[in-house]
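First up is the structure itself, then whatever we jot down about it.
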Amino acid sequence: MSIRFENGIVVTLGRNNKVLWNSSVVVDGENITAVGEAGEMARLYPGAERVDCTGKIILPGFICTHHHFYSTMARGMAIPGEPASNFVEILERLWWKLDMALSDEDITLSAQIPLIECIRNGTTTVIDHHASPASRAGSLDLIEKAVRQAGIRASLCYEVSDRNTPAGGVDENARFIKKIGKGDGQIAAMMGLHASFTLSDKTLEKCVGIARDAGVGCHVHVAEDAADREDSLKKYGLPTVNRLNKIGAAGVKSLFIHCVHIDEAEMDVISATKTAVVHNPESNMNNAVGVTKILDLIKKGVLVGLGTDGMSSDMLAQMRCAYLLHRLANHDPRVAFMEAPQMLLQNNADICERQFGIRLGEIGQGRPADLAILDYQPPTPLNEANFLGHLIFGLVDAPVDTTVCRGKILMKNKKILALDEPRIAARSRELAQQMWKRI
Ligand SMILES: [Zn+2]
């Protein structure tokens with residue numbers, strides 16, 4: 001079935017970004033058949049179903065390279081006792097209690113809610129990191145099912161750690177990695193690891209061995225807080241990145257999340273091993289852990305992507321947060337204008353190419369049909385030269401009207417088609433109330 005998304009402003013992105021006014025994107029099956037001037041596309045593809053995009057801008061679907069679906073039910077939850085005063089206390093008092101309380105149905109609903117929010121925000125690909133120590137076995141299957149039902153793409157993993165039981169989660173990852181194999185372009189698998197300070201050498205070695213044999217990367221939090229660095233120096237005599245690299249967790253398919261507390265020599269290790277880093281500015285600000293030196297990492301040739309760390313599924317907002325944060329942190333109004341959009345629009349696509357083996361983040365013939373269509377009537381001229389100005393100061397607040405992934409319309413006229421949002425939200429409220437009592 002062919003669909004013509006017509007009469008919009010198409011922004012192709014990719015290495016040779018084009019801004020095409022009054023244009024159409026023709027989709028057939030899971031891929032894009034043609035992109036061009038609206039009249040010409042109507043003549044060439046007269047039989048296609050039409051979706052009018054007048055007054056709208058058509059972009060490639062957005063990508064989030066670090067998410068935690070399982071964090072959903074923390075929203076509005078009261079945490080007993082004194083407020084956590086540092087990062088380790090945040091983990092102990094909130095996240096390690098919440099993940100322990102999740103049941104199988106909680107896991108499904110906790111995934112469905114952010115999946116709906118992804119669709120609402122035009123986010124069509126997510127790399128997720130899951131934890132549910134009391135309901136581990138089969139948990140990734142539950143999330144996979146929810147992702148397939150929602151219709152977006154996701155790379156999934158379970159966060160292995162020794163904090164509950166030694167090597168907890170290794171079996172779930174190994175099973176799921178084997179099941180997914182090379183993947184089908186919709187679901188991919190990684191070896192998930194919590195963080196250096198909750199992993200013994202023995203567990204790390206086991207995980208790295210499984211990942212290496214399967215040809216997948218490791219997805220691990222790295223030096224999010226100074227405590228992770230201090231732990232690694234104290235127990236192993238090495239800073240976090242060096243310890244992880246020594247055991248073999250770095251590499252072209254691996255994701256080192258955060259990297260807030262790393263030194264220059266560690267940056268060189270990340271660069272030399274071609275490991276990708278994922279920056280999560282809202283989360284780092286929320287946990288008050290510090291500011292990742294993304295400008296230095298990018299200068300060293302490191303591929304730095306952008307994630308939300310479970311804070312939200314809105315990638316444009318995350319991009320603007322990165323833009324603002326690094327201007328302020330560097331006391332320099334000349335920086336981050338290029339780097340913040342680059343992380344979202346180009347680097348996240350590069351990271352996904354390593355995971356899924358397909359080129360996302362670009363509208364072009366033969367490319368996957370993943371689209372975010374936003375209401376946007378540019379109040380000033382819009383072209384290739386000034387697109388980033390529109391992105392940072394205009395599109396970031398433009399509502400997403402239609403979301404397409406793998407050629408399927410998942411939201412149209414702001415109505416989610418793939419999932420029953422009111423029913424899912426109502427059930428989630430019931431389950432959250434019960435789950436909170438178990439904490
Ligand atoms: Zn995280």
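Miscellaneous remarks
- For region 272-307, backbone nitrogen atoms closer than 12 Å to the point 7 Å from residue 338 Cα along Cα-to-C-beta are found at 299.
- Estimated from the Cβ-Cβ distance and a Förster radius of 41 angstrom, the FRET efficiency linking residue 148 and residue 331 is about 0.30.
- Spread over its residues, the convex hull of the C-alpha atoms of the chain is 133 Å³ per residue.
- Estimated vicinal HN-Hα couplings, Hz - region 411-417 in sequence order (Karplus 6.51, -1.76, 1.60; Gly, Pro = x): 9, 9, 6, 6, 9, 6, 9
- With a cut-off of 14 Å between beta carbons, the residues surrounding residue 255 carry a summed charge of -3, where Lys and Arg count +1 and Asp and Glu -1.
- Set of region 1-15 residues, backbone N closer than 13 Å to the point 7 Å along the Cα-Cβ line of residue 412: 2-6
- Sequence ranges 100-106, 63-69, 325-331, ranked by mean other-Cβ count within 10 angstrom, highest first: 63-69, 100-106, 325-331
- Cα long-axis angle, helix 170-180 against the chain (0 to 90 degrees, to the nearest 10): 30
- Fraction of C-alpha pairs exceeding 13 angstrom in region 231-283: 57 percent, rounded to a whole number.
- Nearest-ten-degree value, helix 315-329 long axis tilted from longest Cα axis of the chain: 60
- Pairs from the table (206/234; 18/412; 56/253; 18/414; 253/299) lying more than 31 angstrom apart at Cα are 56/253.
- Among the listed pairs 293/415; 235/274; 179/293, a Cα-Cα separation exceeding 31 Å is found for 293/415; 179/293.
- Carbon plus sulfur fraction of accessible area for the chain, probe 1.4 Å, in percent: 52
- For the chain, the longest principal axis of the C-alpha atoms and the axis of helix 421-437 are separated by about 10°.
- The alpha carbon centroids of region 248-324 and region 72-128 are separated by 21 Å.
The values are calculated or read from the model by the stated rules, or taken from the named source; none is laboratory data. Keep in mind that what you see is a predicted model, and the values were worked out from it rather than measured. A quick note on method: Cβ atoms are made from the backbone with ideal geometry, for glycine too, and the neighbour counts reach across all protein chains shown. Just the protein is used for accessible areas: all its heavy atoms, side chains included, with ligands, DNA and RNA removed. Shrake-Rupley method; radii C 1.70, N 1.55, O 1.52, S 1.80 Å.
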